[in-house]
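No lab work stands behind these numbers, since they all come straight from the coordinates. No experiment lies behind these values; they were computed from the predicted model shown. Positions of Cβ are generated from backbone atoms using ideal geometry, with glycine treated the same way; all protein chains shown enter the neighbour counts.
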Amino acid sequence: MMQSYSRKERQSVFKSKLLFSLIILLVACPLWGQVNNNIKAHLEAGRLYFEIGEGLLQKPMLLVRHGMGQHQIIWAKQPDQILLILSPIHSLSGVVIPLKNDGRTDGKILGRFPIIKEKSSLRSFYIDVTDLFLQTAIKWHSELPETVLVDRSYIEGIRHLENETVIMTKRTTMYGEQRSTEDVDFSFFILPDPMEPRLFDHRMGYFCEDQYSAINAYPKYAMASIMRWRLEKKHKNRKVSEPIEPIVFYFDPAMPDKWKPYVKAGILEWLPAFEAAGFKNAIEVREIPKNGEDWPENSVGCSMVRWANHANIRGREGKGGSTVRQIVDLRSGEILKSNIILGSSYQGLSDQYFVRCAPMDPRAWQYPFPDDLMGELIQSVTAHEAGHAFGLRDANYGEYAYPFEKMRDRDWLEEMGHTPSVMTYARHNYIVQPEDNIPPSLLIQKVGPADVYQIKWGYQTIPDQTGPSEGSSHLEKLIRQQDSIAWYRYNIGYVEILGPGATDEVVDNDDPIKSTEFGLKNIERVLELLPQVNHGQKDNALLERLHEETLELWYQQMQQVLSLIGGYTVQYKSGSQKGDVYSPIPYKTQEEAMEFLLNNAFEVPDWLSKPSFLLRIQYSSNSDRLIGHQLKLLSELMDSFRMKRLEQMEGTFPDNEITMKLLSRLRSGLFKELDHDGIRIGKRRQELQSVYIALCIKAVAEERNYGNTLNDENHYLYSYHSKSILAQEILELKKEILNRLETVRDGATIGHLKLCLRQIGRLSL
């Protein structure tokens, strides 16, 4: 007869059997907890002891502070102590990566630990490492000034994994006057044999192995390896094969179940790109096993999709953003771990979509959005962050070459999308018009052809490759596809703000002016929708927020047109490639851009400046956000760098007076009222005209430091040529005002023009 036990009794019997098994293992294996020659750790009376085996000495390892940073280290032995040394990294690209924080390449001692002789043997050494984890002497990526309150901090536990020892701590830390208590996990991870690197090329959109290095901002001449995962074919002779080990992400248990299908879909959007590179089923998204109570979320070998949304946290609903945190073997560029952090707020995602696409998608008229729409937006964000997880960076991926006429073509949008890459900030397609009847799903940014191209270059296996430089001819052929397919061209736009493609948050293509014309039509429709969307709200907070977001989009679209003036298209090239890297925008296009700005940015219709609901959200002209955007555009148009780019173009075009002609047209357009008798200049135009004069005077009055011609400050100043042209424009303006002033009858206009003359009079010419 089988004896019957209660649930509690059965658990007790199981625990007893488990304890017995553990005792047997401890007797049989003196290095229990040490996996693959890893560190053996013991926690005794609140103190943490390491047993460092002889085989670990001089072995390259990572010391990781999860969520914060990493250091490559080695353990070294002296007669009576063990040293923890920060080691310089010999990149397989052929360079030495300096130590963080100080730029040196020699080692730095991070810790010195006396050997506890009574516990040690000839083959293993015991040390007390408690203080290593309860102090702030080691600098991490953030480098925030922090002080650990040791009396309120402690080591919580240890976890032994394959090739890794995880130390879990509870730390109370002071950041300035702010106190915070948080879980902080550390890992010691034994690095594998380095994989074959792929040499960094500035013409492709990859991070280099040291993602926090300055060379990622100025990468043109970098000797480095790209960041990528170790993908190896199961069947090397097949064109397409499953990998030996796929790239695996695990869902954060905190993620709401209703969003998991969309998050998974966003990551798996990249499957066709990896298949083009030769890998089938290269990516998997999994749930944490149901028996995973001790699942090692903070371990080098586990990549997570973290849920960091601030919904329902008072004051935080609109805060947060999404990002990726990675652990990389800097010797080869191998990505060991990528955590995708999804922190984009429901509010932010909704507002961005509403102001761009509400006229085409009635689902957006509901606040909060229905789950299917919100899910699609979360999917798009996830796809973007997944690109970072695979090694790609934010940049411009040839979107200026995308054909404008295809932005409203359903067949094109289904196959190619409205942007060639999900890594751009092209957001949603606001060029589409309601009458086009484009399905809303095609308005949202997805993985595109440039992404497939980038992954193919970074991950494709090169047959018989025996070193980093092997296969370079094959990779070069892939890069040279940029010669004929312009939307494959990569440009790190936020460093080189040179022209079209450099403006974020807009649908970029080969006709920014036409794009903005259609964008303005939808902005007008959005402003008409706002009162309807706000109906039923307890106050006007939503109305005010969406109005501000709409004006911001208007400003960004005007910036897109502005990028044409003094703008260049960019195609990065090697030394062996023929042709220019930087090609000026045709003069005629720049002229058209100036006319558009004069008629649409500096002169605005009532529907934009005075919407019907304005008095529900604004009581003072001091809160006129539109004029603020207009003044910023004017300042950006007259920026010294833009003037210098125009000067560089002198001689490029048949008529080499491009700077003078454009600035002359700007002045005459801003003061067009002076062309007529009986003029009346409104307050918005007065503000713009006054700021124009102030900007001219500031430029002309600048003094260069001639004692040091290479002074960095001079780099930001106007050239003498630009100052000469601006001085002449001021003189012309003074003459026009004096000629017109006698015919003016409007009192406010008379006062304004006299103030303009007084401004000009401050500059002695």
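Quick one: pull the percentage of alpha-carbon pairs in the range 207-351 with a separation above 18 Å.
Value for the range 207-351: 66 percent of Cα pairs lie more than 18 Å apart.
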Taking Cα Rg over 2.2 N^0.38 Å as the quantity of interest, determine which of (i) 1.13; (ii) 1.27; (iii) 1.02 was computed from the displayed structure. (i)
Two decimals, Cα atoms only, Kirkwood Rh: what is Rg/Rh over the range 638-765? 1.03
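Given just the C-alpha atoms of the range 362-505, how large is their convex hull per residue in cubic angstrom?
Per residue, the Cα convex hull of the range 362-505 comes to 141 Å³.
For 136, 516, 419, 503, what ranking results if the residue with the fewest other Cβ atoms within 10 Å of its Cβ goes first?
Going from least to most buried by this count: 136, 503, 516, 419.
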I need to check one value: relative contact order of the range 36-191, counting alpha carbon pairs closer than 8 Å and at least 6 residues apart, in percent. 25
Which lysines, on any chain, are close to residue 514 with Cα under 17 Å apart, when same-chain ones fewer than 8 places away are left out? 406, 588
Tally of Lys pairs whose C-alpha atoms are under 29 Å apart, taken over the range 36-191, 8 or more apart or cross-chain: 29
Could you work out how far helix 541-562 tilts from the main Cα principal axis of the chain, as a 0 to 90 degree angle to the nearest 10? 70
For the range 373-448 versus the range 256-278, the gap between their alpha-carbon centres in whole angstrom: 15
For the range 638-765: lysine pairs under 22 Å (alpha-carbon distance), excluding those fewer than 8 apart on one chain: 22
So what is the orientation-averaged projected area of the range 36-191, using the convex hull of its C-alpha atoms, in nm²? 10.0
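Tell me the trypsin sites (Lys or Arg not before Pro) within the range 539-588 that lie in a loop according to DSSP and have at most 15 other beta-carbon atoms within 10 Å.
Answer in residue order: 578.
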Given a cut-off of under 8 Å on Cα pairs at least six residues apart, what relative contact order in percent is computed for the range 295-417? 21
At R0 = 35 Å, FRET efficiency that the Cβ-Cβ distance of residue 609 and residue 581 yields, to 0.05: 0.25
Could you tell me whether the range 144-199 comes out rounded, prolate or oblate from its Cα gyration tensor? Rule is a ≥ b ≥ c as square roots of the eigenvalues, rounded for a/c under 1.5, then prolate if a/b exceeds b/c, otherwise oblate. oblate
Taking only Cα atoms, what is the 0 to 90° angle, nearest 10, from helix 625-637's long axis to the longest principal axis of the chain? 90
Rounded, prolate or oblate: which fits the range 488-556, taking a ≥ b ≥ c as square roots of the Cα gyration tensor eigenvalues, rounded meaning a/c under 1.5, else prolate when a/b beats b/c? prolate
Taking a ≥ b ≥ c as the square roots of the eigenvalues of the Cα gyration tensor, with a/c under 1.5 meaning rounded and otherwise prolate when a/b exceeds b/c and oblate if not, the range 163-256 is oblate
Could you list, bin by bin from short to long, the percent of Cα-Cα pairs of the range 38-98 in 10 Å steps? 18, 42, 32, 7, 1
Below 8 Å between Cα atoms, with a sequence gap of 6+, how large is the relative contact order for the chain in percent? 8
How much net charge surrounds residue 123 when only other residues with a Cβ under 13 Å from its Cβ are counted (Lys, Arg +1; Asp, Glu -1)? +1
Rounded to 10°, Cα long-axis angle of helix 371-389 versus longest principal axis of the chain: 70
Under 13 Å between C-alpha atoms, the lysine pairs in the range 207-344 lying 8 or more places apart or on different chains count 4
